[in-house]
Amino acid sequence: MAESQTRPAGQTLQDRPVKRSPVDSPSTRNDSFDDAIERLVNDDQLPAHLKAVLGHLVERMTSVEVLLKKKHELGERLKDELAEKNKLREEIEE
């Protein structure tokens, strides 16, 4: 007989830890995504509160893309700085 698995009382799906994949580079939004957002925003049948939520989500996504781009740039700069540091250290030790 198969055992049924139940969650402990009071535990919901929201209580579970969320597994997230690491994001290393900014996602590239394509025109079809931007077009879909534009159509949703201009849809008169879509309630105003959903348009507001959509606007905030797109704004957040844009902010995240900017931050990821900056993270990538700083990572590259750090690599360059570390390489220069190591080169200078080797010159001093010679």
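The values are calculated or read from the model by the stated rules, or taken from the named source; none is laboratory data. The structure presented is a predicted model; accordingly, all values stated were derived computationally and were not measured. Cβ: placed from backbone, ideal geometry, glycine included. Neighbour counts: every protein chain shown.
Restricting to the range 41-60, and then to whatever is within 20 Å of N30 (Cα to Cα) and assigned to a helix (DSSP H, G or I), can you tell me which residue is modelled with the lowest pLDDT? Lay out the reasoning, then the answer.
First, pick out the residues of the range 41-60 that are within 20 Å of N30 (Cα to Cα): 41-42, 54-60.
Still in the list and also assigned to a helix (DSSP H, G or I): 41, 54-60.
On the way: V41: 88, L54: 92, G55: 91, H56: 94, L57: 94, V58: 93, E59: 94, R60: 96.
Checking each candidate, the answer is V41.
Can you find even one residue in the range 33-40 that is modelled with pLDDT of 95 or more, surrounded by 10 or more Cβ atoms within 10 Å (Cβ to Cβ), in a helix (DSSP H, G or I) and basic (K, R)?
Let us first name the residues in the range 33-40 that are modelled with pLDDT of 95 or more, namely none.
So far as the range 33-40 goes, no, none of its residues is modelled with pLDDT of 95 or more, surrounded by 10 or more Cβ atoms within 10 Å (Cβ to Cβ), in a helix (DSSP H, G or I) and basic (K, R).
Of a type in the set (K, R), exposed (fewer than 11 other Cβ atoms within 10 Å of the Cβ) and on the phi < 0 side of the Ramachandran plot: which single residue out of K70, K85, K51 fits that description?
Values: K70 fails: exposed (fewer than 11 other Cβ atoms within 10 Å of the Cβ); K51 fails: exposed (fewer than 11 other Cβ atoms within 10 Å of the Cβ).
Matching residue, one of K70, K85, K51: K85.
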